[in-house]
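Worksheet for the structure shown next.
The values are calculated or read from the model by the stated rules, or taken from the named source; none is laboratory data. Nothing here was measured: the structure is a model prediction, and the numbers come from that model. All Cβ positions, even for glycine, are placed from backbone atoms using ideal geometry, and neighbour counts span all protein chains on display. Surface areas here come from the heavy atoms of the whole protein model, side chains and all, with no ligands, DNA or RNA. Shrake-Rupley method; radii C 1.70, N 1.55, O 1.52, S 1.80 Å.
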Protein chains: 2
Amino acid sequence: MNKLLKKSLLWPLTAVAAIGFLSMGCSSNGEFGSSSDAAEKVYVAPGEHDEFYGFFSGGYNGQLGVYGLPSGRHIFTIPVFSQAAVNGYGYSEETKAMLQTTDGFVPWGDAHHPELSQTDGETDGRWVFINENNTPRIARIGLDEFKTQEIIEIPNSAGNHASSFVTPNTEYVSAATRFSIPMKEDNLENMDVSIDSYKENFKGTISFIKVSDEGKMNIDFQIMMPGFNYDLSHAGKGPSDGWSFFTSYNSEEAHTMLEINASRNDKDYIAAINWKKAAEYAKEGKGKMIPGKHYRNYIDHEEGGIAKSEVIEEVRVLDPRKLEGIVYFLPTPKSPHGVDVDPTGQYIAAGGKLSTVIPVHSFEKMMTAIENKDFEGEDQGIPVLNYDSILHGEVENPGLGPLHTEFDGKGYAYTTAFISSEIVKWDIEKTEVVDRIDVYYSPGHLMIPGGDSRNPDGKYLVALNKITKDRYLPTGPEMFHSAQLIDISGDKMQLLLDFPTEGEPHYAQGITADKVKKRQKRFYEIDENNHPRAAKSEKATRVERDGNEVHVYMTTIRSHFAPDNIEGIKVGDEVYFHVTNLEQDWDVPHGFAMKGANNAELLIMPGETLTLKWEPKKEGVFPFYCTDFCSALHQEMQGYVRVSPENSDTPISYSTGQ
Amino acid sequence: MNKLLKKSLLWPLTAVAAIGFLSMGCSSNGEFGSSSDAAEKVYVAPGEHDEFYGFFSGGYNGQLGVYGLPSGRHIFTIPVFSQAAVNGYGYSEETKAMLQTTDGFVPWGDAHHPELSQTDGETDGRWVFINENNTPRIARIGLDEFKTQEIIEIPNSAGNHASSFVTPNTEYVSAATRFSIPMKEDNLENMDVSIDSYKENFKGTISFIKVSDEGKMNIDFQIMMPGFNYDLSHAGKGPSDGWSFFTSYNSEEAHTMLEINASRNDKDYIAAINWKKAAEYAKEGKGKMIPGKHYRNYIDHEEGGIAKSEVIEEVRVLDPRKLEGIVYFLPTPKSPHGVDVDPTGQYIAAGGKLSTVIPVHSFEKMMTAIENKDFEGEDQGIPVLNYDSILHGEVENPGLGPLHTEFDGKGYAYTTAFISSEIVKWDIEKTEVVDRIDVYYSPGHLMIPGGDSRNPDGKYLVALNKITKDRYLPTGPEMFHSAQLIDISGDKMQLLLDFPTEGEPHYAQGITADKVKKRQKRFYEIDENNHPRAAKSEKATRVERDGNEVHVYMTTIRSHFAPDNIEGIKVGDEVYFHVTNLEQDWDVPHGFAMKGANNAELLIMPGETLTLKWEPKKEGVFPFYCTDFCSALHQEMQGYVRVSPENSDTPISYSTGQ
């Protein structure tokens, strides 16, 4: 069955077929040994913890999934770019602002590349960043509370795919346009021009977002780029610290039927960006401040954790044709997708998705070539280096459709081959394949904890497969995606486990559990609750009318609400329930659901205050209740609101039953 | 650590403390044997399938989670009552109507009790039903496509908790009000009355929803009930087929501070409903048709799978005080929560959450008592049977806070004890505890595949724990809930696995995989696509303007859209992208995301058509792209829409680049 399915994956790809791949024998020598051995390796007994956190992008669900490794268990989902009914994110008054953009309120996002914050080139467990493609944005998630704490929009961009990758000390997180759009040089506002004026009018940008010590993001500068498609990125490290690398495809600048028209050139480019030099230019005031309206949404910890929006009107744009030494093009076969820098910072591997080899550039050779102005020419004013001058080597026989590479810290690299459905292990110095293993099916990214950092934990590898088919019990036409856990601690890779993943995970990052565990907040101190509408004790609970606005200052504690009966509400009122959870222990949330509310519930953590807006449309008596099974008397945790006609003169009254 | 945590769970429960539970030694004899043994038992090797499907309610996420057992892997989530960013459910034009209610569009739900359809008292793998509490509804999910196919609203109800339980041939699915609300006898419209008129004005209803052979639901009748809180239910089977049992609490009819005021009576009731007799009355036209506006939303397979809404204005209501023999009260200690009927249909076990025993009623004795009019009196016109006359026995030492019971088909019952965090196994005939095992922490429901049917698969038991705390790597204040898999194939229960669950699963149902596997649809036949806006080939693609409405008839196939460039769109237009996925193979969805759309993406299965509405607000050229990594040239699968000013006279034009 599997063999048959695998064969069927070699669908007719117009462009791929045209290239004429070398026919390759896929020797599968990575069979899982004894099933018992694998079972033991992935089993985490009740009461024990996984060894690694895995942070998996949710792809088109817009969120970030948290998995334990080696068990493959999905232990949490952090809402980021999409509304989440589960806890009211994007529905509650405190969180709505997180999803504001220059396009208005956008309830959905497409999240691709989580990247852990780094210190000295190693993951440090403070934050995860993650990009959104469709409405270009980057989010920062705090690993103290596993919450999205900030989202910044990227102006003058479309399809924010080559994002969010950090520099070795998290000085910057970067982003690039996947889709170029029509922009003028001195005003990057998207223009109403004919699409077939692409070559004349369409441009790209690469953005560097400064991250403060507290995590605050602001766009330090954008670099104006030719109208290619920019795909993926990684920062340099060690000797290459100060540089970032971005793949591009569509150097043909095609604007229609890209599957053919953007696959014509033998080589596209990796753009090598000297961000340290660019940052100096920016600091000196070089480039221009131009319009670039964008939102920065953030949790205001000074005011009760309420999300606020700040609108920024301008950005600084640097023109690499005028500011020498900040961008060079590295010719790279063919329509490269991933670009990955090895732990030493010396080697830059590209995943040329239509390439028959994995080209590996040498940073040292690149620097020598730049110094010697060893250029084969220039493209739209950007110097193009000589491929042969900068090449460390080409890995032959890398499988069909090589995409992404990670590293084990022991001198080996691992590359996914999408079309031939395998992972290929190769020696970085020798650029020679040393092992290969079949995966099911069609891996996109792969992940080794710390595998893109200076210090990988080379014990496990996760293949993020894009096609699932028969890997699990069938679930109709739609199904979860699938990941596979591979033991890479020995010479031979060993397949251990298939585990399903939610949404469409693209990339993932892993980290030793201890780095994150020590930062955990278990609940919020009620004494530190600075929400302006918090009732910090039952005595402080009350209901106040202000015109047609009614504010209910409510508390929850096992197993009752205060107040639990409210009268004097009228049809046409805007009722705000500000619910404070008075519990002060780990894992005692309360939920709040109100009949007739046209948003979601609230899920309120101990010590927290959240607000639900309710606009009653009918007369009657409507219940509310706790949605989280909080105690043996959880079913008794309820209350009623009486709604009278609009012209009623029933005054506000309420009781707690005590 | 675990012992300490367990102790801390015995928090001060006002009411529980007041009752003075017997102090009990919790002898934990269910330690997991060798870890290796457990590891082997739960390991499902790559390429192999789980033995059972588990359908887990999502609780406050409003969805239905699908898990494989024994691996505990989360293999799918079916969107039901909440918007789902992941595939556009509740956002796309085809699915919006599914979330329409008499309260308007409600984007969220609280889903509690999945129940598999049955034939002759056994699960048959056709459908899963699931209830929604907050806006009373029941959904029917088709297990051919793993999609919500119908949602019916329950009028004259609030807090639809005792739902959705089926009769042995899925003749009916039932529902009951958790919260009574003010209703008049001849017009159940919710009334604007004082909450402290509770005893006078507040009533409950129990609803029986007829299910046709095709699965169409309609409310056959409602039974008007005293103003108690109705909690859970199960239908009889075998000898008790024709009856359904509903627990009630708050027979005190308290309306404030229920944790104390609804815990005063020593016994509340199980309501035994003779639904066959009630159905006959209804068929004879007994009772009254009264106002009861409600929505029935359904996928119209006759018209392209587009969700439609039907509004029904009236319902039939039966008054049990006037129609003899349809309702009897079975006194049951104390604030009973679960009510479960054993596989023989003879015994009815209640989970009296504040009770020190598990009372087990005998159906045979109940029938004799009814025949002999052996009543201890009546409550609001409903006969109350004598507890002693109907009792089969009381299970002593059942743990603190017994809630729910399931059965293994071998003569044993298993009950969760919420407060003492254990599962207790008892002999049904002897009503004696024979084994007990600690679980972590505080189990609500439990599930044995088929465990509430006539024919359980008594191999595994899943404890659905309500408190997680330290079971997984910590994830800040909020965390997933946790389930535990227990081997019940031997005399002693054996704990095998902790697995995290998404949302807040209350109840779950399990079924042998084969019953569901054989029904699977893998994709939709393009020839059978009857969507009125489908483009069933690239030749049929087009863009049509109708005033300010623009309809784009678009197709997707690896790896391009047709058309992929569109001009002539203007600010102020309403653009509808009707996207048909032309693929005809398993697991080749395409996604469609449009920059500036204020809803979600579309995730379109092979052969399917879905529609995204877009209202462009700015001039410029905006990209769209495929969100699902569909092929090696997925990144090339994109297009552009040019938006001109409102007063522009640019005509519609489009191209496919070919």
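Listed values, structure above:
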quantity: Distance (nanometres) between label positions extended 7 Å along Cα→Cβ at B:E48 and B:K293; calculated: 5.7 nm
quantity: Nearest-10 value in Å² for the accessible area of A:S389, using the 1.4 Å probe; calculated: 40 Å²
quantity: Size of charge dipole - chain A - debye, nearest 20, with Cβ of Lys, Arg +1 and Asp, Glu -1, no other charges; calculated: 540 debye
quantity: From the C-alpha gyration tensor of segment A:526-655, square roots of 5λ in Å; calculated: 24, 15, 12
quantity: Among B:S653, B:F499, B:P114 the positive-end extreme of the charge dipole of chain B (Cβ point charges); calculated: B:F499
quantity: Those trypsin sites (Lys or Arg not before Pro) in segment A:350-398 that DSSP places in a loop and that have at most 10 other beta carbons within 10 Å; calculated: A:K373
quantity: Burial order of peptide ranges B:528-536, A:116-124, A:467-475 (average beta-carbon count within 10 Å, highest first); calculated: A:467-475, A:116-124, B:528-536
quantity: Magnitude of the charge dipole, segment B:533-655, Cβ model with Lys/Arg +1 and Asp/Glu -1, debye to 20; calculated: 120 debye
quantity: Partner chain coverage, peptide B:79-88 - average Cβ within 10 angstrom; calculated: 6
quantity: Charge-dipole axis of chain A as Lys and Arg at +1 and Asp and Glu at -1 on Cβ define it, positive-most pick from A:N201, A:S244, A:P46; calculated: A:N201
quantity: Student exercise, segment B:144-227 dipole from Lys, Arg, Asp, Glu Cβ charges, in Debye to nearest 20; calculated: 280 debye
quantity: Rg followed by Dmax, in Å, when segment A:333-447 is reduced to its Cα trace; calculated: 14.4, 46
quantity: Extension gain from A:E280 to A:E376, taking 0.36 nm per residue of separation minus the Cα-Cα distance; calculated: 31.8 nm
quantity: Cβ neighbours within 10 Å from other chains - mean over A:44-53; calculated: 5
quantity: Theoretical FRET efficiency, 1/(1+(r/R0)^6), r = Cβ-Cβ of A:S537 and A:D585, R0 22 Å, to 0.05; calculated: 0.85
quantity: Net lengthening on full extension, A:K210/A:S197 (0.36 nm per residue, minus Cα-Cα); calculated: 1.3 nm
quantity: For residues of B:66-73, the mean tally of beta carbons on other chains within 10 Å; calculated: 4
quantity: Local net charge near B:Y472, Cβ-Cβ under 14 Å (Lys/Arg +1, Asp/Glu -1); calculated: -3
quantity: Sites A:S648 and B:H301 - FRET efficiency at Förster radius 51 Å, r taken between beta-carbons, to 0.05; calculated: 0.65
quantity: Among A:G572, A:H590, A:T555 the positive-end extreme of the charge dipole of segment A:526-655 (Cβ point charges); calculated: A:G572
quantity: Segment A:283-342: C-alpha gyration tensor shape, a/c 1.5 cut-off, then a/b vs b/c; calculated: oblate
quantity: Cα-based Kirkwood hydrodynamic radius, chain A, one decimal, Å; calculated: 26.5 Å
quantity: Under 15 Å, Cβ to Cβ, from B:L633 - net charge with Lys/Arg +1 and Asp/Glu -1; calculated: -2
quantity: Point-to-point label distance, A:V434-A:E615, nm (Cα→Cβ direction, 7 Å offset); calculated: 6.5 nm
quantity: Three-way shape call for segment A:550-609 based on the alpha-carbon gyration tensor, with the a/c threshold at 1.5; calculated: prolate
quantity: Accessible surface of segment B:533-655 [probe 1.4 Å, protein heavy atoms]: carbon and sulfur percent; calculated: 44 percent
quantity: Area projected by the alpha carbon convex hull of segment B:132-174, averaged over all directions, nm²; calculated: 3.4 nm²
quantity: Full-stretch length increase - B:D491, B:E525 - with 0.36 nm per residue and alpha-carbon distance subtracted; calculated: 7.3 nm
quantity: Extent along principal axes [Cα atoms of the protein assembly as shown; Å; largest to smallest]; calculated: 105, 69, 63
quantity: Where B:S233, B:S194 fall by accessible area, highest first, once all protein chains stay in place (1.4 Å); calculated: B:S194, B:S233
